[in-house]
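The structure appears below as structure tokens.
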Amino acid sequence: PLMDYHRYAPIHDTIHPSLQNNKLVNLVNYCQSKSLSFKDKEFFADKTCLIGKKRPADYDGQFDVIEFKHARELFGEKYELYADIAPTDIRQGSLGNCYFLCSLSSLAEYPDLITRLFDFDYSNDYGIQSVWLNINGIWTQIILDEYFPSYFNGVEYDLAFSKTDQCELWVLLLEKAYAKAYGSYWEIIGGDPVHALRDLTGAPYDRIEDFDNLDAAWKKLSDANMRHYMITCFTKSTEIVEEKNDMGIVSGHAYTILDVRDIIDARGHPARVLQIRNPWGKFEWTGDFSDRSPLWTAKHRQDLNINDVDDGIFWMRLEDFITYYQGIGIVKIVPGSLSNAVMVDQKLNKTSILRMSITDESTISISIDQHDSRTVDDPSYSYSYFRITIGRLINKSDIQFVDSMLSPERNIFIENVFPPGDYIILVEPYWSSGVLNKFNVGTYSNK
């Protein structure tokens, strides 16, 4: 059974009321008083929002045919913000952002996790939309218009990038908000699905990248599946971008893991199998435990709803999985949990100490979020090593060690069960450059 994601608190409740919606309310009132259709001047619908203010060195005119059209010009008067949120509705266009669409597909399994990102639940008369994303560990409001990258297909204008099977905007708007957050559509080509899910949920994540011990990897994966965490994976790259092989696998491509099972196959042999979804909604694995494989028993076909349909959903054995796939991402999103964060502006070679007070025993993930390299306009910027040490204050002079770790990742997490009390978080950055010495310290907990 799926977990009850209706217990999620709206993101807006975590934002201070004085900062929450003033800009949005003022904008709606202004457009209403002037009978205007909104055009976003901060992310104007032209080539700047496609490739950024500076022409990328490897840009060779891929987007030169793209124009921006309003949703009314593409869909007519009848379109909705979300008609029917479903993971199988998402279609990738000419933008190489399968990792992001894979993340949206995972999120769409629980529509409340999509709808809570929007300030409105409908498309209004002024074409104003507002989306919340967790950028660099801080929930950030992103205001958008309803103009989208389009091209003329010889008959009519069609969407150039992502789309759904219905006349709805949620996928287009989340893709546009992500592009605005990181500077341009060009900046969101290629990426890590767990980073995208972190940005969409504010939840911590973990990885499985070492398959030398298959038993340990399977146990970790099975535990994540049992907890209903969101699980993504990505294939090994080849010289050709997103190359399709004869076995139905796409290289350098992001997928979602939907389920994992220990079964006995039709020969009576034990097998560890994974159910995987291609965000394209087509092109599937054709080897052992694929839709037509004779290794399935009739009962498994019925219980697991295995049909010979090219819908992008397939099963494969763990041993085959590690041949083609490079890593797994586990996003630990938990119903009812809230994000909290503070920004630290720090000079070189300094140490920060934060105090955390806990009134009830809680499972808490403490995070360090470095600024994403796409938000820093300096090629010398790189992620730095951070050492985090957590201690519990016993009295005025004693500190009890709780946990510590060292990591150079964009997002760093320490998860622990914390009894009530006062704690200190010691943060020691080892800056790799002097470009930007800011980071965010956050918590993710049901308290």
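Here is a list: LEU174, LEU113. Which entry is touching a helix residue (DSSP H, G or I) at 6+ places or on another chain (Cβ under 7 Å), hydrophobic (A, V, I, L, M, F, W, C), open to solvent by less than 10 Å² (accessible area, probe 1.4 Å) and closer than 25 Å to GLN62 by Cβ?
LEU174
Just the residues that are part of a loop (DSSP other than H, G, I, E, B) and touching a His at 6+ places or on another chain (Cβ under 9 Å), please, taken from region 401-426. Before the answer, list the steps.
Taking region 401-426 and keeping what is part of a loop (DSSP other than H, G, I, E, B), we get 408-410, 419-420.
Hit for region 401-426 is ARG410, nothing else.
How many residues are of a type outside the set (A, V, I, L, M), open to solvent by 20 Å² or more (accessible area, probe 1.4 Å) and over 23 Å from the mean Cα position of the chain (by Cα) when one looks only at region 240-251? Spell out the reasoning first.
Looking only at region 240-251, we keep the residues that are of a type outside the set (A, V, I, L, M), and these are 242-246, 248, 251.
Of the ones still in play, those that are also open to solvent by 20 Å² or more (accessible area, probe 1.4 Å) are 242-246.
Checking which are over 23 Å from the mean Cα position of the chain (by Cα) leaves us with 243-246.
So the answer is 4.
Would you pick out the residues in region 45-61 that are out of contact with any Phe, Trp or Tyr (no Cβ under 9 Å at 6 or more places or on another chain) and open to solvent by 50 Å² or more (accessible area, probe 1.4 Å)?
Taking region 45-61 first, the residues out of contact with any Phe, Trp or Tyr (no Cβ under 9 Å at 6 or more places or on another chain) are 48, 53-55, 57-58, 60-61.
Correct list: THR48, LYS53, LYS54, ARG55, ALA57, ASP58, ASP60.
Select from region 281-325 the residues that are aliphatic (A, V, I, L, M) and in contact with a Phe, Trp or Tyr (Cβ under 8 Å, 6 or more places away or on another chain) and write down the one among them that is most open to solvent (accessible area, probe 1.4 Å).
Going through the qualifying residues, I end up with ILE322.
Just to verify a result, which residue in region 105-131, among those that are under 13 Å from the mean Cα position of the chain (by Cα) and closer than 26 Å to GLU77 by Cα, is modelled with the lowest pLDDT?
ALA108
Condition check: open to solvent by less than 40 Å² (accessible area, probe 1.4 Å), within 25 Å of ARG410 (Cβ to Cβ) and at pLDDT 95 or above. Does PHE386 satisfy that?
Numbers: open to solvent by less than 40 Å² (accessible area, probe 1.4 Å): yes; within 25 Å of ARG410 (Cβ to Cβ): yes; at pLDDT 95 or above: yes.
Yes.
What number goes with the only condition from (1) open to solvent by less than 10 Å² (accessible area, probe 1.4 Å); (2) modelled with pLDDT of 95 or more that ALA254 does not pass?
(2)
Is it the case that some residue within region 83-94 is touching a His at 6+ places or on another chain (Cβ under 7 Å), more than 22 Å from ASN22 (Cα to Cα) and in contact (Cβ under 8 Å) with a residue 60 or more places away in the chain?
Of all residues in region 83-94, those touching a His at 6+ places or on another chain (Cβ under 7 Å) come to none.
Checked region 83-94: no residue is touching a His at 6+ places or on another chain (Cβ under 7 Å), more than 22 Å from ASN22 (Cα to Cα) and in contact (Cβ under 8 Å) with a residue 60 or more places away in the chain.
How many residues are under 21 Å from PHE63 (Cα atoms) and open to solvent by 10 Å² or more (accessible area, probe 1.4 Å) when one looks only at region 124-158?
Going residue by residue through region 124-158, those that are under 21 Å from PHE63 (Cα atoms) are 144-158.
Subset that is open to solvent by 10 Å² or more (accessible area, probe 1.4 Å): 147, 151-158.
Selection size over region 124-158: 9.
Would it be correct to say that HIS269 is of a type outside the set (Ser, Thr, Tyr), within 17 Å of THR323 (Cβ to Cβ) and either open to solvent by 50 Å² or more (accessible area, probe 1.4 Å) or modelled with pLDDT under 95 (or both)?
It is false that HIS269 is of a type outside the set (Ser, Thr, Tyr), within 17 Å of THR323 (Cβ to Cβ) and either open to solvent by 50 Å² or more (accessible area, probe 1.4 Å) or modelled with pLDDT under 95 (or both).
Might you let me know whether region 328-347 holds any residue that is open to solvent by less than 70 Å² (accessible area, probe 1.4 Å), under 22 Å from the mean Cα position of the chain (by Cα) and over 30 Å from PRO419 (Cβ atoms)?
For region 328-347, residues open to solvent by less than 70 Å² (accessible area, probe 1.4 Å), under 22 Å from the mean Cα position of the chain (by Cα) and over 30 Å from PRO419 (Cβ atoms): present.
The values are calculated or read from the model by the stated rules, or taken from the named source; none is laboratory data. Quick caveat, the model's predicted, so the values are computed rather than measured. Neighbour counts run over all protein chains shown; Cβ positions are idealised from the backbone, glycine included. All accessible areas refer to the heavy atoms of the entire protein, side chains included, with ligands and DNA or RNA removed. Shrake-Rupley method; radii C 1.70, N 1.55, O 1.52, S 1.80 Å.
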